[in-house]
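**Student:** Here it is: the structure, laid out below.
No lab work stands behind these numbers, since they all come straight from the coordinates. Keep in mind that this is a model prediction, so the values were computed, not measured. So basically every Cβ, Gly included, is an ideal-geometry build from the backbone, and we count neighbours across all protein chains shown.
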Amino acid sequence: MSILSSGVSFRRSIFSKPEPVSSRNPRNQNRRILCLNHLNSLNSSSDGLEFGVSRGKDEKRSSLFRLKSAVDVGEVVETSGTSGRDSCSYDAIVIGSGIGGLVAATQLAVKGAKVLVLEKYVIPGGSSGFYERDGFKFDVGSSVMFGFSDKGNLNLITQALAAVGARLEVIPDPTTVHFHLPNGLSVQVHREYNKFISELISKFPHEKEGILKFYGVCWQVYNALNSLELKSLEEPIYLFGQFFKKPVECLTLAYYLPQNAGDIARKYIKDPELLSFIDAECFIVSTVNGKRTPMINASMVVCDRHFGGINYPVGGVGEIAKSLAKGLTKKGSEILYRANATSIIIEDGKAVGVNLSDGRQFYAKTIISNATRWDTFGKLLKKENLPKEEKKFQEAYVKAPSFLSIHVGVKADVLPPDTDCHHFILEDDWKNLEIPYGSIFLSIPTVLDKSLAPEGNHILHIFTTSSVEDWEGLPRKDYEEKKERVAGEIINRLEKKLFPGLKSSIVFKEVGTPKTHRRYLARDSGTYGPMPQNVPKGLLGMPFNTTAIDGLYCVGDSCFPGQGVIAVAFSGVMCAHRVAADLGFEKKNPVLDAALLQLLGWFRTLA
Ligand SMILES: NC(=O)c1ccc[n+]([C@@H]2O[C@H](COP(=O)([O-])OP(=O)(O)OC[C@H]3O[C@@H](n4cnc5c(N)ncnc54)[C@H](O)[C@@H]3O)[C@@H](O)[C@H]2O)c1
Ligand SMILES: CC(C)=CCC/C(C)=C/C=C/C(C)=C/C=C/C(C)=C/C=C/C=C(C)/C=C/C=C(C)/C=C/C=C(\C)CCC=C(C)C
């Protein structure tokens, strides 16, 4: 990713010299428990938000200076006594401030719960964070934002922000993605559905009927989704209520829940190249082909881009997490940065607290992990005690590869006029779609928001799938050389395919590998998220938020419905609803709860 060590000059992260808040405050020694009042809420100015990178001999001082300018580490209030447990009890602790964690935390805070978010890094957002270098402001991960419109029920990012009184200005993207595919196939996914469908039909006129039927089914699923009030599918009062209010829509969703997009496409479409195009449509959001992409997820993305459209937040994707974090503290809850959770405390079989690497402990009625399930049930909890449900998950889902990410600043004139913001490039052979380095993703957010780069420049975020195994065990020098070489090859391919002169127009470059993702996003193997081991039964096997451990919940992309910012936002909404019911902030019926949870567990065994 991009919180990277550059191959050009020596840089170091503040992670390499962490100075825990407790050690800076002498009163906070000896593993005492802290209550934190508005601790580390973000500054309203984003000017100082760099990824704590420093140079030269004043390295440590400069890191800390930047950290202070990034976060307000002002007020630390210590509780009395040595245990402090009762005087400092939270309703929920959320480990991690990815969008999944932040949405869960803010939704709970809005319902009246007192929440503490523990974030290992110095800013919120995880994969949806950002970093600044030399006047460029880079999105760490994807810049394609679904669910960020003013319409319908599926604009979950807009709704999550509104819940804490925040609203971001957005820039509509006229083209979700421009596909550059084998045999010269070029397709622009226009914001207007009819324009996109006409373009696709013009490339495959003999498949007009099949195209209309396949995308028609996607709309049927999307419209059903969009008609529901989205809350926890693990909460029976809500779920049965929705079935009662919207029976046709709920049955439509139940019907498509165990199905995959590739199978539905094959019902209507025969042309292998068009089917490969649909594979590419699926791959860019799920890292697997259509046959392994749940129909509900495929429908969500291929329709939302036309219904609400893709909208980019002014100032970059990082603004979303910043606003949610700020909203959280405004609602009386807290977020603590540089708080590296090392284990979840279990007492009498119940999750009751969290240990941090600096010795601090925090307790709460419920614990929500926004770390991946591999991290939650392999690091935060002992691997040996893996509950059977998690064992089943790890058999059904494997870690998707990570990415090699290249962030560059270029001279603006290298881009032809009217260049689209997002591109997907698969040069010669459809067979390369799912292999490491086989395809290239490209985002140029400055096409939409010029403020992200110095005048006369653009940002290119170039990324391609890559596995951590490919980068492990190398001496530092070889690792740096390999980064330069592999990034150089990708840039050459891009120069050849899209932008002649690209290499010589570069004014800034940083390369991140799967190891970078692993280190800075705390994601096992730097994984992009879970990926089905075999052909899945749609979303049927994907776990929701409750876990086998009492009081412990998961949120984020290793929960239903999976990868994607809007997907993890939904996971956050679902999680908050289920936790709120269990904490007594929402209605609950224990008998129905037990029955539904058992039923859902049984459904998962069918997947
Ligand atoms: N484009 C990309 O390269 C890329 C890469 C990975 C994920 N993604 C996307 O990002 C989203 C994932 O969102 P998410 O909410 O599930 O999670 P996330 O990975 O974005 O955020 C998790 C957060 O938890 C923190 N964390 C993890 N372990 C911790 C610990 N032990 N102690 C304290 N903090 C800890 C991390 O620092 C991070 O901020 C998905 O949309 C996924 O598709 C994108
Ligand atoms: C409970 C049971 C058994 C039955 C009940 C039936 C019922 C009522 C079911 C209801 C189901 C619901 C409500 C499902 C909701 C599903 C949702 C909201 C799914 C959302 C999915 C969103 C996804 C998958 C979004 C993915 C987006 C991604 C990954 C975007 C990233 C993009 C990139 C990384 C690529 C960038 C591209 C380029 C080219 C640069």
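**Student:** Taking +1 at the Cβ of each Lys and Arg and -1 at the Cβ of each Asp and Glu, which of TYR397, TYR312, ALA371 sits farthest along the dipole of the chain towards its positive end, judged by Cα position relative to the Cα centre?
**Tutor:** With unit charges placed on the Cβ atoms, the residue in question is ALA371.
**Student:** With an 8 Å Cα cut-off and a minimum separation of 6 or more residues, compute the relative contact order for the range 454-603 in percent.
**Tutor:** The value is 13 percent.
**Student:** I want to check the label-to-label distance for GLU229 and GLU481. Put each point 7 Å from Cα in the C-beta direction and report it in nm to one decimal.
**Tutor:** My value for the distance between the label points is 6.3 nm.
**Student:** Among GLY184, TYR437, VAL414, which residue has its Cα furthest toward the positive end of the charge dipole of the chain, with +1 on Lys/Arg Cβ and -1 on Asp/Glu Cβ?
**Tutor:** Selected residue: TYR437.
**Student:** Distance from a point 7 Å along Cα→Cβ of ASP134 to each backbone N in the range 471-515: keep the residues under 13 Å and list them by number.
**Tutor:** Counting backbone N atoms under 13 Å from the label point, the list is 504-511.
**Student:** With +1 on each Lys and Arg Cβ and -1 on each Asp and Glu Cβ, and nothing else charged, work out how big the dipole of the chain is about its Cα centre, in Debye to the nearest 20.
**Tutor:** Rounded to the nearest 20 debye, it is 1180 debye.
**Student:** How large is ³J(HN,Hα), in whole Hz, for each residue of the range 485-497 in order, when computed from phi with the Karplus curve 6.51 cos²θ - 1.76 cosθ + 1.60 and θ = phi - 60°, using x for Gly and Pro?
**Tutor:** 5, 5, 4, x, 5, 5, 5, 4, 5, 5, 4, 5, 7
**Student:** Which of the listed residues, LEU257, LEU275, PRO294, is farthest toward the dipole's positive end in the range 255-295, when Lys, Arg count +1 and Asp, Glu count -1 at the beta-carbon?
**Tutor:** Value: LEU257.
**Student:** Using amide H atoms built in the peptide plane, which far-off residues or other-chain residues are under 5 Å from VAL94 H to H?
**Tutor:** LEU116, VAL117, LEU118, ILE368
**Student:** What FRET efficiency would be calculated for the residue pair LEU599, LYS330, taking the C-beta separation as r and a Förster radius of 30 Å, to the nearest 0.05?
**Tutor:** Efficiency computed from Cβ-Cβ geometry: 0.20.
**Student:** Normalised by the residues of the range 228-352, what does the relative contact order come to in percent, with Cα pairs under 8 Å and at least six apart?
**Tutor:** Relative contact order comes out at 15 percent.
**Student:** Further question on the same structure: How large is the dipole of the range 207-327 about the Cα centre if only Lys and Arg carry +1 and Asp and Glu carry -1, each at its Cβ, rounded to the nearest 20 debye?
**Tutor:** 120
**Student:** In the neighborhood of VAL314, defined by Cβ-to-Cβ distances under 9 Å, what is the net charge if each Lys or Arg adds +1 and each Asp or Glu adds -1?
**Tutor:** -3
**Student:** Give me the number: length gained by fully extending TYR268 to LYS195, i.e. 0.36 nm times residue separation minus the C-alpha to C-alpha distance, one decimal in nm.
**Tutor:** On the way: separation 73, 0.36 × 73 = 26.28 nm, distance 2.08 nm.
Contour length minus the Cα-Cα distance gives 24.2 nm.
**Student:** Would you calculate a helix-derived [θ] at 222 nm for the chain, using -39,500 (n - 2.57) for each DSSP H run of n ≥ 4 and dividing by the full residue count, to the nearest 500?
**Tutor:** My calculation for the chain gives -10500 deg cm²/dmol from helical runs alone.
**Student:** Would you mind getting me the FRET efficiency between ASP150 and ALA548? Use the beta-carbon distance for r and R0 = 41 Å, nearest 0.05.
**Tutor:** Efficiency computed from Cβ-Cβ geometry: 0.55.
**Student:** Further question: Would you mind classifying the range 321-444 by shape? Square roots of the alpha carbon gyration tensor eigenvalues, ordered a ≥ b ≥ c; an a/c under 1.5 is rounded, otherwise it is prolate if a/b is larger than b/c and oblate if not.
**Tutor:** Values: a/c = 3.33, a/b = 1.62, b/c = 2.06.
Oblate is the answer for the range 321-444, as a/c is 1.5 or above yet b/c matches or exceeds a/b.
**Student:** If you take the square roots of the eigenvalues of the alpha-carbon gyration tensor of the chain and sort them as a ≥ b ≥ c, do you get rounded (a/c under 1.5), prolate (a/b over b/c) or oblate?
**Tutor:** oblate
**Student:** Using the Karplus curve 6.51 cos²θ - 1.76 cosθ + 1.60 with θ = phi - 60°, work out ³J(HN,Hα) for each residue of the range 579-588 in order, rounded to whole Hz, and write x for Gly and Pro.
**Tutor:** Going residue by residue, I get 5, 4, 5, 5, 8, x, 8, 9, 4, 8 Hz, with x marking Gly and Pro.
**Student:** Still on this structure, I have one more. Distance between Cα centroids, the range 387-457 to the range 546-583: provide it in whole Å.
**Tutor:** The distance from the Cα centre of the range 387-457 to that of the range 546-583 comes to 26 Å.
**Student:** Testing the spin-label approximation: label points 7 Å from Cα along Cα→Cβ at ALA162 and THR419. State their distance in nm.
**Tutor:** Spacing of the two 7 Å Cα→Cβ label points: 3.6 nm.
**Student:** Relative contact order for the chain: what percent, with Cα pairs under 8 Å and sequence separation of 6 or more?
**Tutor:** 22
**Student:** A follow-up question, please. Taking amide H positions as placed in the peptide plane 1.01 Å from N, state which residues far from VAL177 in sequence (5 or more) or on other chains have amide H under 5 Å from it.
**Tutor:** VAL189
**Student:** Once you place label points 7 Å from the Cα toward the Cβ at LYS246 and LYS382, how far apart are they in nm?
**Tutor:** Between LYS246 and LYS382, the label points sit 4.5 nm apart.
**Student:** Among the DSSP beta bridges whose two residues both lie in the chain, what percent are antiparallel, rounded to the nearest 5? Don't skip to the answer; put the middle values down first.
**Tutor:** Working: 52 of 72 bridges.
Close to 70 percent.
**Student:** Taking θ = phi - 60°, what integer Hz values does the Karplus form 6.51 cos²θ - 1.76 cosθ + 1.60 yield along the range 348-359, in sequence order, with x for Gly and Pro?
**Tutor:** 6, x, 10, 6, 10, x, 9, 9, 9, 5, 8, x
**Student:** Count charges around THR376 for me, please; just the other residues with Cβ under 14 Å from its Cβ, Lys/Arg as +1, Asp/Glu as -1.
**Tutor:** +3
**Student:** How big is the charge dipole of the range 515-599 about its Cα centre, in debye rounded to the nearest 20, if each Lys and Arg gets +1 on its Cβ and each Asp and Glu gets -1 on its Cβ?
**Tutor:** On the way: 8 positive and 6 negative charges, 67 e Å.
Here the range 515-599 has a charge dipole of around 320 debye.
**Student:** Mind listing the long-range amide H neighbours of ASN457? Cut-off is under 5 Å, sequence gap 5 or more, other chains count too, H placed in the peptide plane at 1.01 Å from N.
**Tutor:** Result for ASN457 returns ALA412.
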